[in-house]
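Asks: Quick one: the structure is below, questions incoming.
Computed from the coordinates by the stated procedures, all read-outs in this text should not be read as laboratory data. As the structure is a computational prediction, the values presented were derived from the model and not from experiment. Cβ placement follows ideal geometry from the backbone for every residue including glycine, while neighbour counts extend to all protein chains displayed.
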Amino acid sequence: MHHVKARARALMSAGALALVLSLVAAACGSSGSESTSGSSGAPAKIRVQLSWIPDGQFAGYLMARDKGFYKAENLDVQLLPGGPNVNAVQQVVTGAADMTINKVSELYAARDKRLPVVSIAQFDQRSSFPLVAFKSSGINGPQDFKGKKVGIWYGGDEYEFFALMQKVGLDPKKDVQLFEQGFTMDSFLKHDYQVAMVTTFNELNVIRLSGVSDDQLTIVNPSDYGISIPHGALITNENWLKQGGNKDAAARFVRATMKGWDYAFAHVDESAGVAAKSALSAGGDAATKDLTKLQTMSINEIQKLQYPSGFAKDQHGKIDPTLYQNVADIVSKFGLVKNKVDVTGAYDPSIWQAATSGGK
Amino acid sequence: MAVALRRYSGLIAGAGFLVLWEVAAGVLARSGTPLATSKLPYPHAVVARIVQEAPLLLNSLWVTARGALIGLVAGIVLGVAISLLLAQSRALEAAFYPYVVGGQMLPTIALAPILLAALQNPTLTRIVVATYISFFAITIGTLKGLKSVPRESMELMRSYSAGRRQLYTKLKLPAALPFLFAGMKVAAPLAVVGEIVVELTGSTSGLGYLILSTQYYGPKYATLFWASMLITLALGFAFYRAVAIIERIVSPWQHEFRTR
């Protein structure tokens, strides 16, 4: 009896040891490293720091990569995943990435600290951070937020809300009960609070998919009130841009990305599949299938941001000076920046021009 | 009977916990709380999700286990090296020990994104953080072990005119082994934690990443979230058990392993 037990134990130990050893061996064997190249003719390497995990909100970049649009422009593009603790703009400042996609307000905030960042394209033309409330709570517009519990995100996302409140005659610090919400919509769906900040490309669709129809909701988009801090600014490092050949590479990158977005909008189902797969670390068929529905909605919403109704198609990706001035006004008014904003210095229109004129 | 009971007590407690969980989830679901199943899903639903998403979860488990293991091994090497160094003289220990302790006070969650920016490689960052978080327990344990040798034993060794090398291989290191393993038992689950912290921040694979992304896409992913959590827990436990098993093989003379 004892022998059997001892043998079983020895076997178990040996098994565990073998498992551990094989893990070590496999781990050591599969370490891959890539080399960089600076020689002419070789593809230009561009590292893009995404502001969140790589899903539908970055469909244009994912498709430009997967469909070979970057490769066709002789670019070697690496999409670096973001997360709740990644400061995307900071990554560009430190040189950990060459470009990032972020809010125009973040561009100004960084430049206000004398950080060498500049915008070279602007994909979203509208705010992607509306506020939602259940109509059943008696809210039919932003003026009804008075006295209500409002969950928003801080860290830069709050300024648009402050400006909106002021626009409708409310004091955001006194007239509403502000608190920082999490990044799930569960509490809102449970009616723990009345107004939630959402993104059109994710949380709003999460709410919709949990069985809430748009008829039941009041959706307040700040852009409809003349307040707009759009996301989708393509931000790069001024010093990087100055280095030889990088302006040309940036223009090629913008061109390929525009193509990627247009491909995503024209092939929503396919792109949603790619986005879902990317969001779930390329595995899990069942979960991917399920997530594809959400990503489809996400990409359709992004199309509305990049091509709002009445928008001239040939302006896709172009930086609109009025839009940038509008954002500058908001960030100055609400103290996100300390100095006067140099709006025209914050963007370089030549890259988009080079991307859209001539070329391939 | 009593022996069997003791042997399986862990399993019985685990099963009891699952039953409690199932009952609690049932009570919550019946109470009419909106989204009860996302607040606290049924354990059987979580298990079903594990089966359904086995390839995804296995893939994530592999990534996390690999990173944590390399980190742990590196942490052990580093921890033993530091403790051997500090054991050489009291002055060295007095000079650096506070910094070893102090270094552990840095919040890993804040360190991870900075390291990620500096190293520019998520895989390497995970390993570095897992190493960093695990070396501490090893250092403290081993150092204590090296100093635990009774004075009489040292004197005996000296009287045989044992050299420094012999002193370590024959006396100090074997004496330190139980302490090293005690440290490793703390460090092994911590290595998994370190790996997960980095995965929560700017990576696209591993259980930590899954824990993050499944919260982002709504209540439908609640069971997948809990599945990732449970598997992470199991991984930490497996690491702990693996250390215990290796300990039995490497130092079978220890008092606690002797058959009574």
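Asks: State the number of residues belonging to region B:38-49 that are away from chain A (no Cβ under 11 Å) and surrounded by 15 or more Cβ atoms within 10 Å (Cβ to Cβ).
Replies: Counting residues in region B:38-49 that are away from chain A (no Cβ under 11 Å) and surrounded by 15 or more Cβ atoms within 10 Å (Cβ to Cβ) gives 7.
Asks: Within region B:180-200, work out how many residues are over 16 Å from the mean Cα position of the chain (by Cα) and either part of a helix (DSSP H, G or I) or buried (at least 24 other Cβ atoms within 10 Å of the Cβ) (or both).
Replies: Within region B:180-200, residues that are over 16 Å from the mean Cα position of the chain (by Cα) and either part of a helix (DSSP H, G or I) or buried (at least 24 other Cβ atoms within 10 Å of the Cβ) (or both) number 0.
Asks: Only one of A:308, A:349, A:321 is over 17 Å from residue A:234 (Cβ atoms) and out of contact with any Leu (no Cβ under 9 Å at 6 or more places or on another chain); which?
Replies: The match here is A:308.
Asks: Take region B:211-228 and flag every residue that is in a helix (DSSP H, G or I) and within 7 Å of chain A (Cβ to nearest Cβ).
Replies: Hits for region B:211-228 are B:212, B:213, B:215, B:216, B:219, B:220, B:224.
Asks: Within region A:198-214, does at least one residue satisfy the condition of being without any contact (Cβ under 8 Å) to a residue 12 or more places away in the chain and more than 12 Å from every other protein chain (Cβ to nearest Cβ)?
Replies: Residues of region A:198-214 that are without any contact (Cβ under 8 Å) to a residue 12 or more places away in the chain, as a first pass: A:211, A:213-214.
In the following step, the residues that additionally are more than 12 Å from every other protein chain (Cβ to nearest Cβ) were identified as A:213-214.
Scanning region A:198-214, I find at least one residue that is without any contact (Cβ under 8 Å) to a residue 12 or more places away in the chain and more than 12 Å from every other protein chain (Cβ to nearest Cβ), so the answer is yes.
Asks: Within region A:97-111, is even one residue of a type in the set (Lys, Arg) and more than 14 Å from chain B (Cβ to nearest Cβ)?
Replies: Yes, there is a match, as at least one residue in region A:97-111 is of a type in the set (Lys, Arg) and more than 14 Å from chain B (Cβ to nearest Cβ).
Asks: Go through region B:64-74 and give me each residue that's more than 8 Å from every other protein chain (Cβ to nearest Cβ) and surrounded by fewer than 24 Cβ atoms within 10 Å (Cβ to Cβ).
Replies: Across region B:64-74, the qualifying residue is only B:74.
Asks: At least 1 residues that are touching a residue at least 40 places away in the same chain (Cβ under 8 Å) and within 30 Å of residue A:62 (Cα to Cα) in each: list the helices (runs of 4 or more DSSP H) lying fully within region A:100-197 that qualify.
Replies: Counting at least 1 such residues, we get A:104-112, A:158-167.
Asks: Could you say which residue among B:27, B:77, B:73, B:46 is in contact (Cβ under 8 Å) with a residue 40 or more places away in the chain and part of a helix (DSSP H, G or I)? Reasoning before the result, please.
Replies: Working: B:27 fails: in contact (Cβ under 8 Å) with a residue 40 or more places away in the chain; B:77 fails: in contact (Cβ under 8 Å) with a residue 40 or more places away in the chain; B:73 fails: in contact (Cβ under 8 Å) with a residue 40 or more places away in the chain.
It is B:46.
Asks: Could you check region A:247-341 for helices (runs of 4 or more DSSP H) lying wholly inside it with 3 or more residues that are under 30 Å from residue B:225 (Cβ atoms)?
Replies: The helices (runs of 4 or more DSSP H) meeting that bar are A:268-279, A:285-306.
Asks: Any chance region B:133-147 includes a residue that's touching a Lys or Arg at 6+ places or on another chain (Cβ under 8 Å) and outside any helix (DSSP H, G or I)?
Replies: Within region B:133-147, none of the residues are touching a Lys or Arg at 6+ places or on another chain (Cβ under 8 Å) and outside any helix (DSSP H, G or I).
Asks: Is it the case that some residue within region A:232-254 is polar (S, T, N, Q) and free of Cβ contacts under 8 Å to residues at least 60 places away in the same chain? So that I can check it myself, show each step before the final result.
Replies: Initially, region A:232-254 is screened for residues polar (S, T, N, Q), giving A:236-237, A:239, A:243, A:246.
Still in the list and also free of Cβ contacts under 8 Å to residues at least 60 places away in the same chain: A:243.
Yes, the conditions are met somewhere in region A:232-254.
Asks: Tell me which of these residue A:278 doesn't satisfy, since it passes every other one: (1) away from chain B (no Cβ under 14 Å); (2) under 25 Å from residue B:60 (Cβ atoms).
Replies: Answer for residue A:278: the failing condition is (1).
Asks: Given B:66, B:30, which one is charged (D, E, K, R) and over 30 Å from residue A:187 (Cβ atoms)?
Replies: Exactly one of B:66, B:30 is charged (D, E, K, R) and over 30 Å from residue A:187 (Cβ atoms), namely B:66.
Asks: How many residues are among the small types (Gly, Ala, Ser) and part of a helix (DSSP H, G or I) when one looks only at region B:30-43?
Replies: Total meeting the criteria: 2.
Asks: Restricting attention to region B:1-24, which residues are part of a loop (DSSP other than H, G, I, E, B) and aromatic (Phe, Trp, Tyr)?
Replies: If the condition is that a residue be part of a loop (DSSP other than H, G, I, E, B) and aromatic (Phe, Trp, Tyr), then B:8 is the only one that fits.
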